[in-house]
Amino acid sequence: MNGIEFKTMPVADFGAPNPMPDIGNVSYIHAGFEVSPKLNEEEKRYLGKGMINTVLPYMIEDGYDRNKKPRPVKIAVLENEFLRAEFLPDYGGRLWALYDKRTGKNALYTNSVLQPCNFAILNAWFSGGVEFNIGIKGHTPLTCSPMFCELIGEDGLRFYEYERIRGVAYSITAFLPKGSETLYVRPRIENANDHEVYMYWWSNIAFPETENTRVIVPAKQAVHCLYSENHYLVDKAQIPFDNGVDATYSMNLAASSDYFYQIPKDENKWIAAVDKNGDGLFHYSDKKLRARKLFLWGHKTGGRHWNEFLSEKGQAYIEIQAGLATTQLEHLPMPAGEVWTWTEGYTPICGADDKFYGDYDAAIKRVEEIFDDKVARKAATDFDELTALKVCGDEKVVSYGSGFGSLENELRKTFGKKPISETLDFTVPQDEKTAQWKTLLEKGYLPCPDENEKPLSYAVGKEWSALIEKSLSLPEGNHWYAYNMLGVSKYAEGDIARAKDAFTKSVEMKKTLWNTRNLAMIYLNALKDEKTGLKLLDDAFETEAAKTDFSFLKEYAKALTDFNVTGKWTKIYYSLNEELKNTGRLKVYLAKDLLASGDPEAAAKILTPDFILSDVKEGELALSALWKGIYLKIIEKNDGLTGKAAEELYEKKYPLPYSLDFRMHD
């Protein structure tokens, strides 16, 4: 059985996207890494390959809050006599829950709320379920976006979209045959381009973490990745014992990290997680999806706090994952015209079994015995037969994704290229976000909106640049907005000089918040010209739209405090309306500016234990560093202590509150 239902649950407001294009503003995609000499040349072959310099044409998704209210959430359901699988069509097609109807138990960790936090490529991300990540290192740009959803026959679903950075169509077909104790998922990626693209895929499976949660995988070594702020250390580890600690039990490990298991090439690809009662999940696939991974938060205070910040008090989970490449710091080259597909199976493991918790080889053997029994009972399909599974029946679209796939097909038709997919239908009802670009395609010019109107979307690449340049030759298409959009496209292409020229021309024609800010970011982030960049941000602030635009004000405050323009942000902050003054990120910059101005007591009144920073970033140490800086300065003023003596008094008198501790390692 398949269908659409609605479930009411606590959901935060995800808010509107950030209208400011990423011109060197997203630090996550620029994070560096250090590689241990223990890795061999084959293991290092694709590390760092295929990284991107901007998330354009996407917009940053940072408009969310933490005000959760009961809201209806669309659920796509697959159900037979044994299992019930629930998916979220409006949130990346995520597999949200997998219930064993005989026991009532969920084989996944399903969050009790939908609370976005700053984890994904575009910022907004929420924990729980199985997230399907495509294209670029990290949580997919589409993780919080609606997908097209089709019902297929009586026992299938398909989710699909167009991924705009790599320029590929992809789909996730899920099917649950009658009599099956296994949910099957078949991703498919189509590179219809006439050139090679770098590709990435990881299926991230959240699983509840309990005292005896154990991860079982047929591997004896792993690539071990440790995090720090905007930096990774890539090393090797032995499994099950890593430096004397049994790393198959997540609660044994203090710090947050990744274990990328190295299953021998010719061995079957699977991973399992079991809880303290022997209940869990077995995930397997054909050999195309060759890698497996454990992500854990660790049991330090910061890791525990992150679990609860993403959900509610007492919540904890790990992730077992499956991917195409050895680690998540690499992308694989996908040749022009190729289609990649594979099949995954998700099946519950039920019942207490001491063999899960003893000798590791015995635990591996026991998991394999349970799976073999499922195969024998035809409750699961064996590894070698996964690719032969078929799902068929009438297809009916019941939920729509974005209009960008349809727009891309029109663009490709204009330039005599193949559509993005030969099988997927990207037709949508009228779409506001693509309207201006359709006008450019159909009428040859880009419409000019009011200067205070926020941009709704961006389109980038050589074809769009050519069309915008053609628009500029027409009277109705020659305006500041077209030059601004040309600058955005040229920046995404990596042509900094042409981007600067286009933004400069746009500002000369009409100074607006959007073009002046964009030119400022070229100078600050690309050209490293602090003086010119700050002057342009000052100019942007003088525009009408700037005074109430939170996205711009965050950037302005960051630049002023990062470049030590002491006292200026404090003055601006107190001129803002109350709604803006109540936002956590602007308050953080206020506290930072007050501290720099020599007033740590005023800063301390802002950064209290009940302070909430909704968009604190994974790995970000801003709050702990600011707290420490405030109280070291207070100790210096009140007690006359500096150095080690001040550090010791700080640790004793002003320990970092749990509510502000997001440290994943220190």
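Some points to look at:
- Positive-end ranking of L632, T532, P655 along the dipole of segment 520-666, with charges on Cβ about the Cα centre, is headed by L632.
- Paired Rg and Dmax values of segment 2-396, which use every Cα atom, in angstrom: 19.8, 56
- Note: segment 271-428, Cα convex hull, 217 Å³ per residue.
- Rounded to the nearest 500, the 222 nm mean residue ellipticity of the chain from helices alone is -8000 deg cm²/dmol, with -39,500 (n - 2.57) taken per DSSP H run of at least 4 residues.
- The calculated FRET efficiency for the pair Q430 and D639, based on their C-beta separation and a Förster distance of 56 Å, comes to about 0.25.
- Each of T427, L108, S145 was scored by the projection of its Cα onto the charge dipole of the chain, and the greatest displacement toward the positive side belongs to S145; charges sit on the C-beta of Lys, Arg, Asp and Glu.
- Exposure proxy ranking, count of Cβ atoms within 10 Å, fewest first, for E42, E319, E451: E42, E451, E319
- Neighbour-count order for S489, S575, S36, S471, fewest beta carbons within 10 angstrom listed first: S575, S36, S471, S489
- Of K528/K587; K417/K490; K300/K637; K462/K547; K587/K652; K49/K500, those spanning more than 30 Å from alpha-carbon to alpha-carbon: K300/K637; K462/K547
- Length-normalised contact order for the chain - Cα pairs under 8 Å, 6+ apart - percent: 13
- Ranking of R45, R292 by count of other Cβ atoms within 10 Å, fewest first: R45, R292
- Equivalent-ellipsoid semi-axes of segment 432-542, from the Cα gyration tensor, Å, largest first: 23, 15, 11
- Backbone N within segment 542-557 under 11 Å of label point (7 Å from N452 Cα along the Cβ vector): 544-548
- Local net charge near F148, Cβ-Cβ under 10 Å (Lys/Arg +1, Asp/Glu -1): -2
- Taking the square roots of five times each eigenvalue of the Cα gyration tensor of segment 1-92, the equivalent ellipsoid has semi-axes of 37, 25, 12 Å, listed largest first.
- Approximate shape of the chain as ellipsoid semi-axes (Cα gyration tensor, √5λ), whole Å, largest first: 41, 34, 22
- Shape of segment 421-472, Cα gyration tensor, a/c cut at 1.5: oblate
- Dipole check for the chain: with +1 at the C-beta of Lys and Arg, -1 at the C-beta of Asp and Glu, and the Cα centre as origin, the magnitude is about 700 Debye.
- Kirkwood hydrodynamic radius of segment 144-287, Cα pairs, Å: 18.3
- Around K276: net Lys/Arg minus Asp/Glu count, Cβ-Cβ under 14 Å: -4
- This model, with +1 at the C-beta of Lys and Arg and -1 at the C-beta of Asp and Glu, gives segment 2-396 a dipole about its Cα centre of some 380 debye.
- Cα centre as origin, Lys/Arg/Asp/Glu Cβ charges: segment 528-601 dipole, Debye: 180
- Listed values for segment 463-474 are Karplus-derived 3J(HN,Hα) couplings in whole Hz (6.51 cos²θ - 1.76 cosθ + 1.60, θ = phi - 60°), namely 5, 5, 4, 4, 5, 5, 5, 5, 4, 5, 7, 9, and x replaces Gly and Pro.
Only the coordinates and a few stated rules stand behind these numbers; no lab work does. What you see is a predicted model; the values in this text were computed from it and never measured. So basically every Cβ, Gly included, is an ideal-geometry build from the backbone, and we count neighbours across all protein chains shown.
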